Amino acid sequence: PGRQVLPGNCMYGQLTAKGANQHMVLGQAFRATYVERYQLISDVSQVWLRSTNLQRTINSVQSNIAGMFPFNYAQPLAAIPAV
């Protein structure tokens, strides 16, 4: 009683730290290909981002774009505003 059905410390559908790191690595691979190798993208303003309204997919996009366009902020990632 009082426990989730599955063991762990995250809610259903929540992006874990491991998942966020995997998206960060994927973003770095995108940067190596599309920004550095082929020079198809020069900055983040040339990228269109889409996500569903679920927190997990929003966090996935945030981690991916942070890997693709690294920044030097001391603050954690903030939510990307919806259009």
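The values are calculated or read from the model by the stated rules, or taken from the named source; none is laboratory data. For clarity, every value in this text was computed on a predicted model and none was experimentally measured. Cβ atoms come from the backbone with ideal geometry, glycine included; neighbour counts cover every protein chain shown. Just so you know, the surface numbers come from the protein's heavy atoms only, side chains and all, with ligands and any DNA or RNA stripped out. Shrake-Rupley method; radii C 1.70, N 1.55, O 1.52, S 1.80 Å.
Key figures
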| read-out | value |
| --- | --- |
| Test for Leu15: is it surrounded by 13 or more Cβ atoms within 10 Å (Cβ to Cβ) and at pLDDT below 90 | yes |
| Extreme residue, least open to solvent (accessible area, probe 1.4 Å), among residues of the stretch 20-47 that are within 20 Å of Ile58 (Cα to Cα) and among the small types (Gly, Ala, Ser) | Gly27 |
| Extreme residue, most open to solvent (accessible area, probe 1.4 Å), among residues of the stretch 48-75 that are hydrophobic (A, V, I, L, M, F, W, C) and within 25 Å of Gly13 (Cβ to Cβ) | Trp48 |
| Flag if Gln46 is among the polar types (S, T, N, Q), at pLDDT 90 or above and out of contact with any helix residue (DSSP H, G or I) (no Cβ under 8 Å at 6 or more places or on another chain) | no |
| Residues of the stretch 18-43 that turn out to be part of a loop (DSSP other than H, G, I, E, B) and modelled with pLDDT of 85 or more, as a count | 5 |
